[in-house]
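Working notes, beginning with the structure itself.
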Amino acid sequence: MTHAQGKFDIASWDEEPYIEVDDARKLTRAVVTQRFSGDLEGDGSVQWLMFYRTDGTADFVGMQHVDGTVRDHKGSFVLETTGTFDGSKASADWTVVEGSGTGDLDGVQGTGRMEAPMGSTATYEFDFTLK
């Protein structure tokens, strides 16, 4: 297993509610683009579905496409993301979607984690293997 780490910056964020339960609770969809740096260099795009509770915390899920280079391996892959927002920081776990790797990343498998405090920069850790 190879370990990668670094950060990503949010390049764009477009979030809209699609169901508003009441004044505070809602379901939203966010379309987000990212720029990765560190052991993973490249671009990401993700759509997150979120549920916000009355206290401002949320749970979210998403499918995230990453296109770039991971430790000299160029290609793309998809991450399945599950996370929480505690009101000041988002945390999520990643799993590579089987069969999604292309180029040098064909056959990639792995898991990771990201943390994003309020603002535009997040950190990530990613453990992966290549077939």
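Residues that are in contact with a Ser or Thr (Cβ under 8 Å, 6 or more places away or on another chain), part of a helix (DSSP H, G or I) and touching a residue at least 12 places away in the same chain (Cβ under 8 Å) occur in the range 105-113; there is at least one. Could you list, in sequence order, the residues of the range 15-30 that are among the hydroxyl-bearing types (S, T, Y) and open to solvent by less than 50 Å² (accessible area, probe 1.4 Å)? Of everything in the range 15-30, just one residue is among the hydroxyl-bearing types (S, T, Y) and open to solvent by less than 50 Å² (accessible area, probe 1.4 Å), namely T28. The residues of the range 53-93 that are open to solvent by 40 Å² or more (accessible area, probe 1.4 Å), within 15 Å of R29 (Cα to Cα) and in contact with a Leu (Cβ under 9 Å, 6 or more places away or on another chain), listed by number, are V61, M63. Quick check on the range 1-11. Is at least one of its residues surrounded by 13 or more Cβ atoms within 10 Å (Cβ to Cβ), within 23 Å of V108 (Cα to Cα) and charged (D, E, K, R)? Yes; the residues of the range 1-11 include at least one that is surrounded by 13 or more Cβ atoms within 10 Å (Cβ to Cβ), within 23 Å of V108 (Cα to Cα) and charged (D, E, K, R).
Within the range 101-114, restricting attention to residues that are open to solvent by less than 60 Å² (accessible area, probe 1.4 Å) and under 15 Å from the mean Cα position of the chain (by Cα), which residue is farthest from T54 (Cα to Cα)? Here the answer is G110. For the range 48-56, check the following and say yes or no: at least one residue is in contact with a helix residue (DSSP H, G or I) (Cβ under 8 Å, 6 or more places away or on another chain) and assigned to a loop (DSSP other than H, G, I, E, B). No; the residues of the range 48-56 include none that is in contact with a helix residue (DSSP H, G or I) (Cβ under 8 Å, 6 or more places away or on another chain) and assigned to a loop (DSSP other than H, G, I, E, B).
Filtering the range 111-131 to residues that are modelled with pLDDT under 95 and charged (D, E, K, R) leaves only K131.
Looking only at the range 31-47, decide whether some residue is open to solvent by less than 40 Å² (accessible area, probe 1.4 Å), within 14 Å of the chain's Cα centre (by Cα), of a type outside the set (G, A, S) and closer than 18 Å to T2 by Cα. Yes - at least one qualifying residue is present in the range 31-47. Listed by first and then second residue, the pairs linking a residue in the range 2-20 that is under 17 Å from D72 (Cα atoms) to a residue that is of a type in the set (K, R), with Cβ atoms under 7 Å apart and 6 or more places separating them unless they lie on different chains, are T2/R71; A4/R71.
The values are calculated or read from the model by the stated rules, or taken from the named source; none is laboratory data. What you see is a predicted model; the values in this text were computed from it and never measured. Here the Cβ is made from the backbone with ideal geometry for all residues, glycine too, and neighbour counts use every protein chain on show. When the accessible area is computed, the model is the full protein with side chains, heavy atoms only, and any ligands, DNA or RNA have been set aside. Shrake-Rupley method; radii C 1.70, N 1.55, O 1.52, S 1.80 Å.
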